[in-house]
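Derivation of every value follows stated rules applied to the coordinates shown; laboratory data play no part. From a predicted model like this one, the values you see are computed outputs, not experimental measurements. Note that each Cβ is placed from the backbone with ideal geometry, even for glycine, and that neighbours are counted across all protein chains shown.
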Amino acid sequence: MMRRLFPAPLLSLALVALWLVLNNPYSLGQWLMALLLGVVVPLLTQSLRPTRARFRHPWVAFKLFMHVGMDVIVWNWRVLRGTLGRGQRMPQGGFVTVPLDLRDPSGLAVLAAIMCVIPGTIWSELALDRSALLVHMFDLEDAQGEIELIKHRYERPLMEIFE
């Protein structure tokens, strides 16, 4: 019964909290509206949420998080050098097609977020059969090396976590 009324309890709680924070006077009407939103919005959007993710290996997830953090710092530096450098080699952007072994929708969503968070890379297109990913790189020195980096550094840990 509770699961049908609250299909996403954390989303319900977040909506209630957000409504109350954005509407400062905590009157009875605001509380009722917050509770109504907390119940109705998750029910109406239930069909939009993907299947439940099976999250395993938190240590692998932590290491992936740290790798992404370091990559953000390194790529910020590379993009800065590429945009401000004069007389040096100008960055040559390009696209790489990364063949994918990862099939889990949650894992693919996290990979998309990673590719969009790291400066100098952007997730451009996913093949309809989810077999390949097109990524644009700001400074593409070695296409095969970048493909191997994405597969080794991001895809493999995501497969361990979600599949």
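Details
- Stretch gain in nm, segment Glu148-Arg81, where the contour uses 0.36 nm per residue and the Cα spacing is subtracted: 21.8 nm
- Values of log10 I(q)/I(0) for the chain across q = 0.09, 0.13, 0.16 Å⁻¹ run -0.47, -0.79, -0.96, by the Debye formula with one identical scatterer at each alpha carbon and no solvent.
- Positive-end ranking of Val110, Gly29, Met70 along the dipole of the chain, with charges on Cβ about the Cα centre, is headed by Gly29.
- Per-peptide average of other Cβ atoms within 10 Å, ordering 135-142, 66-73 highest first: 135-142, 66-73
- Positive dipole terminus of the chain, leading residue within Val79, His57, Leu11 (C-beta point charges): Leu11
- Relative to the dominant Cα principal axis of the chain, helix 28-44 is inclined by about 60°.
- FRET efficiency for the pair His136 and Leu28, taken as 1/(1 + (r/R0)^6) with r the Cβ-Cβ distance and R0 = 45 Å, rounds to 0.30.
- The chain: most fluctuating residue of Gly82, Gly29, Gly120 per GNM, C-alpha cutoff 10 Å: Gly29
- Among Pro119, Pro25, Pro99, residue whose mean-square fluctuation peaks in a GNM of the chain (springs only between Cα atoms under 10 Å): Pro25
- Residues Ser27, Ser12, Ser124 arranged by fewest to most Cβ contacts within 10 Å: Ser27, Ser124, Ser12
- Degrees separating the helix 9-22 axis from the principal Cα axis of the chain, which is the longest one: 80 degrees
- Working from the Cα coordinates of region 71-163, the gyration tensor eigenvalues give, after taking √(5λ), semi-axes of 26, 13, 10 Å in decreasing order.
- For the pair Leu11 and Cys116, label points projected 7 Å from Cα toward Cβ lie 1.7 nm apart.
- Counting every other Cβ atom within 10 Å of each residue's Cβ, Trp31, Trp77, Trp123 order from fewest to most as Trp77, Trp31, Trp123.
- Computed from point charges on the beta carbon alone (+1 for Lys and Arg, -1 for Asp and Glu), the dipole magnitude for the chain about its Cα centre is near 500 Debye.
- Cα-based helix-to-principal-axis angle, 105-117 vs the chain, degrees rounded to 10: 60 degrees
- Whole-number percent relative contact order across region 58-162, with pairs defined as alpha carbons under 8 Å at least 6 apart: 37 percent
- Choice from Arg103, Arg153, Arg49 showing the highest fluctuation, given a GNM over the chain with Cα pairs closer than 10 Å: Arg49
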